[in-house]
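What follows is a set of notes on a single structure, which appears directly below.
The values are calculated or read from the model by the stated rules, or taken from the named source; none is laboratory data. Predicted, not measured: the structure shown is a model, and the values here were computed from it. Backbone-built Cβ (ideal geometry, glycine too); neighbour counts: all protein chains shown. For the accessible areas, the whole protein counts, side chains as well, though only heavy atoms, and no ligand, DNA or RNA atoms are used. Shrake-Rupley method; radii C 1.70, N 1.55, O 1.52, S 1.80 Å.
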Amino acid sequence: VLDFLNYLPYSKHSHVFTAIPNVFFQNLKPRGALKPIDFENVPDDLDHFGAGKIQDFTWKDILDAYTCTECGRCTDNCPAWHTEKPLSPREIVVKLRHYTSSEGKELANGGSVNGRQASTIPGPEWVTEDELWACTSCNACVEQCPLFIDQMGKIMEMRRFLTLEGRLTGTAVKTLQKLQTQGNPWGFSESDRAKWLSGYEGLNVIGENGIEDASAFDYIYWMGCYGGYDPRGQKIAQSVVSLLTQAGVNFAVLGPMESCTGDPARRLGEEALYQMLATQNIETLNGLKVKKVIANCPHCFNTIKNEYPQFGGNYEVINHTQLLNELVKQGRLKPTKEINQGVAYHDPCYLGRYNRVFDEPRELLQSIPGLRLIELDRKRERSFCCVAGGGKIWMEEEAPRVNWNRFEEVESKNPDTLAVACYFCDTMFEDASKHAGNDKMEIKDISVILRESVEADKS
Ligand code: SF4
Ligand code: SF4
């Protein structure tokens with residue numbers, strides 16, 4: 001019995017003691033908000049940021065590590081694991097437990113472990129960099145864990161350590177540089193953002209035609225970088241603008257005053273750049289007296305809604321599927337043209353799993369006459385990522401790719417159209433359809449589909 005009690009803290013059976021406190025102390029804050037680094041109050045002796053060593057993890061991280069039963073539910077739902085990447089969220093937690101048991105002695109021994117310097121957890125001995133960069137931040141692991149363990153949060157903290165040590169490499173580094181200099185991930189000129197707005201007569205653009213701020217409008221429509229620059233994204237943003245206008249919504253757009261929200265920088269571990277972009281945007285929004293924001297990009301939606309309050313940006317934020325659904329219910333938008341198609345819906349991670357917007361996109365699709373909604377097997381809370389989140393859209397991915405895996409599932413249901421509600425998903429599935437050689441199935445944002453049904457009524 002004594003032997004077993006000695007062995008317990010080092011084994012997966014440690015949850016016998018830790019499971020109940022871990023459930024009690026589960027994170028009740030918004031799912032989509034990463035913890036900020038307080039750069040204003042950095043201790044003089046701090047030589048790194050993020051989680052590199054045992055003392056950088058919170059007591060809850062360590063409790064998580066000793067609570068894991070190694071059931072594997074997180075890994076079973078991990079898109080990286082499902083596509084042969086080196087990442088298993090269960091292993092991340094188990095390695096943290098073993099690391100704590102081994103290198104935790106550093107705390108008591110003034111920096112050394114058995115006469116040597118303690119190693120960092122991100123590194124070849126414990127959690128490799130390839131594991132950490134494989135994560136899409138989809139949060140499926142956290143969602144599935146019966147003991148409320150936050151695997152993804154630990155991965156993000158270790159990414160911060162790597163990036164702020166200058167250990168991020170490859171294409172994502174260039175993306176971060178472009179975000180820093182131009183405020184968008186491609187490095188396009190800031191003045192070229194949302195140039196398509198000039199073709200829209202009667203649209204209220206802040207800073208033009210004597211419109212000085214947002215005080216006369218109910219909403220600001222935040223279209224995001226894809227809506228501003230990318231041809232497919234522009235089509236989606238134009239659909240949103242058209243539908244809001246037809247419904248008589250009192251809104252304005254920011255045009256070139258928008259900048260990247262900073263989401264990719266934050267999830268690639270570049271917290272300083274994230275905070276720079278976030279505070280610039282918050283200064284703009286607060287200066288313009290913005291109260292309510294419509295955001296169709298789930299990443300912008302999540303960041304403005306859940307993360308900007310950390311820096312004084314407090315707004316009522318609504319996704320386009322939520323508002324458009326409400327407008328249809330109120331009779332302000334009337335989808336009348338029949339769309340006699342089978343349409344599959346893919347839940348974006350940052351809209352569904354993170355922010356619980358599951359029903360509105362479905363109700364909206366079902367409001368279109370003739371449309372037959374097709375549910376995918378992995379749906380709602382268990383939706384399977386498109387791979388683009390967590391900054392992964394700006395990184396090279398080895399085959400087999402996550403978006404291919406999801407697209408195969410979509411194809412197995414044989415829909416005419418795949419409906420999405422995210423620029424990233426739209427891009428990744430367009431890419432996957434080309435890879436699959438599928439030129440029959442269309443990929444469209446819900447707003448584009450709705451516009452086809454509503455605008456037909458007007459013609
Ligand atoms: S957040 Fe998603 S990709 Fe990352 S470890 Fe969890 S399940 Fe895997
Ligand atoms: S789901 Fe939770 S308890 Fe199960 S292996 Fe993953 S982290 Fe451990």
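Some observations on this one:
- Approximate shape of the range 384-459 as ellipsoid semi-axes (Cα gyration tensor, √5λ), whole Å, largest first: 25, 15, 9
- The chain - percent of accessible surface contributed by carbon and sulfur, probe 1.4 Å: 49
- Net charge of Cβ neighbours under 9 Å - reference GLN144; Lys, Arg +1; Asp, Glu -1: -1
- All Cα-Cα distances of the range 65-150, cut into 5 Å bins from zero to the largest, leave 3, 15, 22, 20, 18, 10, 7, 4, 0 percent in each bin in turn.
- Along the range 226-232 the Karplus relation, 6.51 cos²θ - 1.76 cosθ + 1.60 evaluated at θ = phi - 60°, assigns HN-Hα couplings of 5, x, x, 10, 7, x, 5 Hz to successive residues, with x for each Gly and Pro.
- Packing-based ranking, highest mean first, of 404-410, 187-193 given that Cβ atoms within 10 Å are counted: 404-410, 187-193
- Packing here is the average count of other Cβ atoms within 10 Å per residue, and on that basis the peptides 373-382, 57-66, highest first, run 57-66, 373-382.
- Of all aspartates and glutamates in the structure, the ones whose alpha carbon falls short of 15 Å from that of LYS35, not counting any fewer than 8 places away in one chain, are ASP56, ASP61, ASP150, GLU157, ASP263, GLU270, GLU271, GLU307.
- Close amide H partners of ILE443, meaning residues 5 or more places away or on another chain with modelled amide H under 5 Å apart, are LEU418.
- Computed from the Cα positions only, the extents of the chain along the three principal axes stand at 80, 49, 39 Å, in decreasing order.
- Placed amide H near TYR345: partners under 5 Å, 5+ positions off or other chain: ILE374, LEU376, ALA419
- From phi via Karplus (6.51, -1.76, 1.60), per-residue ³J(HN,Hα) for the range 309-323 in Hz, x at Gly/Pro: x, 5, 10, x, x, 10, 9, 7, 10, 10, 7, 4, 5, 5, 5
- Under 5 Å between amide hydrogens, built in the peptide plane, is the criterion, and for VAL113 it picks out ALA118 among residues at least 5 positions away or on other chains.
- Think of a 1.4 Å ball rolled over the protein heavy atoms: the chain then has 43 Å² of accessible area per residue.
- For the range 60-206: Kirkwood Rh in Å [reciprocal of mean 1/r, alpha carbons]: 18.0
- Distance violations [Cα-Cα > 25 Å] among LYS329/LYS444; LYS85/LYS379; LYS305/LYS434; LYS329/LYS434; LYS235/LYS289: LYS305/LYS434; LYS329/LYS434; LYS235/LYS289
- Annotation: LYS305 carries an accessible surface of approximately 80 Å², with a 1.4 Å probe and no ligand, DNA or RNA atoms counted.
- Bridges between two residues of the chain, per DSSP, are antiparallel at a rate of about 10%.
- Measuring with a 1.4 angstrom probe and ignoring ligands and nucleic acids, ASP431 comes out at about 60 Å² accessible.
- For the range 302-438: rounded, prolate or oblate by the Cα gyration tensor [a/c cutoff 1.5]: oblate
- Rounded to the nearest whole Hz, the Karplus-based 3J(HN,Hα) values (6.51 cos²θ - 1.76 cosθ + 1.60, θ = phi - 60°) of the range 72-77 follow the sequence x, 5, 5, 5, 4, 10, with x at glycine and proline.
- Cα convex hull volume per residue for the range 169-231 (Å³): 108
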